Amino acid sequence: MVVPEPTDETLAARAAAGDDSAFEAIVRRYQARVFRLASRLTSDADAPDVLQETFLHVYRHLSSFRGESQFGTWLYRIATNAALMHRRGTKRRAVESLDEYLPRFDADGVHAATPAELQVASHADELLDRKTLVERARDVIERLPDHYRDAFVLRDLEEMPTAAVAQALGIEPAAVRQRVHRARLMLRGYLSDLLGVKP
Amino acid sequence: MTYTCASGVELLMEYLEGVLPAEVNAALEEHVAGCARCTAFVASYQATPRILRDATMAELPADIETSLQAFLRTHTRAFKKS
């Protein structure tokens, strides 16, 4: 007979009551996701610290989890805050303008690039070697202005619903959409540029 | 209302999230259907998150997992005592 895995909420209740094995199970369940989120919002070098800060905070505040949201949502919000706080405390390289990668239009509002040029970015993962793409992707996301980066990472990379991103960042859903849109335009243009075509 | 490529691009995210009024959706769809440039642009705009998501899919290194366990063992013990 297969014993069903306990839910997050069951583990959280047991961990809050002092069951260390339940807390360890929570860590095992979420550590990879938190590390990935932290590396996207900070850097590979800072992600281990964010990982530690997140789970220590979770442990210390388990008794305050009231089940008003899903446990995963609650934990993810703690991880997001830990990453953003950590980033504030570390010296970052200067943010560069990525406006040069925005799409261009002629006087009539028509795309300046040809259809063939405009579709090239769709195939960046096939046309670039994997190592180059991974390096460049991390680099350009780090170059985004923070408010665009945070919204893009949470909405498009972590695939959180827009409403949840808005709640996590303390902004309106319309602002999330606007920031994600600008980030996508810049990143799409950057991929085009990497492949040698106009954005 | 008719849209150009430029005015259509500005509404793209809202269109894809389904928050625009039906008549705006219809006008945008009409423009894109007749515009090879916008058709290509929309495809690359939608592909961008997937490509960057795959490219930034960091794995948790085994040594970091080990140090997390050691860190939590020490600090949770200290928290219990306090």
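Considered as a group, the residues in segment A:150-171 that are facing chain B (nearest Cβ under 9 Å) and either aliphatic (A, V, I, L, M) or in contact (Cβ under 8 Å) with a residue 60 or more places away in the chain (or both) include one that is surrounded by the most Cβ atoms within 10 Å (Cβ to Cβ), and that residue is A:VAL153. Among the residues of segment A:25-52, those that are aliphatic (A, V, I, L, M), modelled with pLDDT of 95 or more and farther than 16 Å from A:ASP8 by Cα comprise A:LEU37, A:ALA38, A:LEU41, A:ALA47, A:VAL50, A:LEU51. In the set (1) farther than 30 Å from B:GLY34 by Cα; (2) facing chain B (nearest Cβ under 9 Å); (3) surrounded by fewer than 12 Cβ atoms within 10 Å (Cβ to Cβ), A:ARG66 fails one condition alone, (2).
Here A:HIS147 meets each of (1) at pLDDT below 95; (2) surrounded by 17 or more Cβ atoms within 10 Å (Cβ to Cβ) with one exception, condition (2). Checking each residue in segment B:11-49 for being in a helix (DSSP H, G or I) and surrounded by fewer than 14 Cβ atoms within 10 Å (Cβ to Cβ) picks out B:ALA22, B:GLU23, B:ALA26, B:GLU29, B:GLU30, B:ALA33.
Looking across A:ALA116, A:ALA83, A:ALA107, A:ALA79, one residue alone is assigned to a helix (DSSP H, G or I), in the same structural domain as A:LEU133 (by TED's automatic domain parsing) and at pLDDT 90 or above. It is A:ALA116.
Could you tell me whether any residue of segment A:172-186 is assigned to a loop (DSSP other than H, G, I, E, B) and either more than 11 Å from every other protein chain (Cβ to nearest Cβ) or under 16 Å from B:ARG50 (Cβ atoms) (or both)? The answer is yes; a qualifying residue exists. Would you say B:LEU20 is more than 17 Å from the chain's Cα centre (by Cα) and within 8 Å of chain A (Cβ to nearest Cβ)? It is false that B:LEU20 is more than 17 Å from the chain's Cα centre (by Cα) and within 8 Å of chain A (Cβ to nearest Cβ).
The values are calculated or read from the model by the stated rules, or taken from the named source; none is laboratory data. Small disclaimer: the values here were computed from a predicted structure and weren't measured. Cβ: placed from backbone, ideal geometry, glycine included. Neighbour counts: every protein chain shown.
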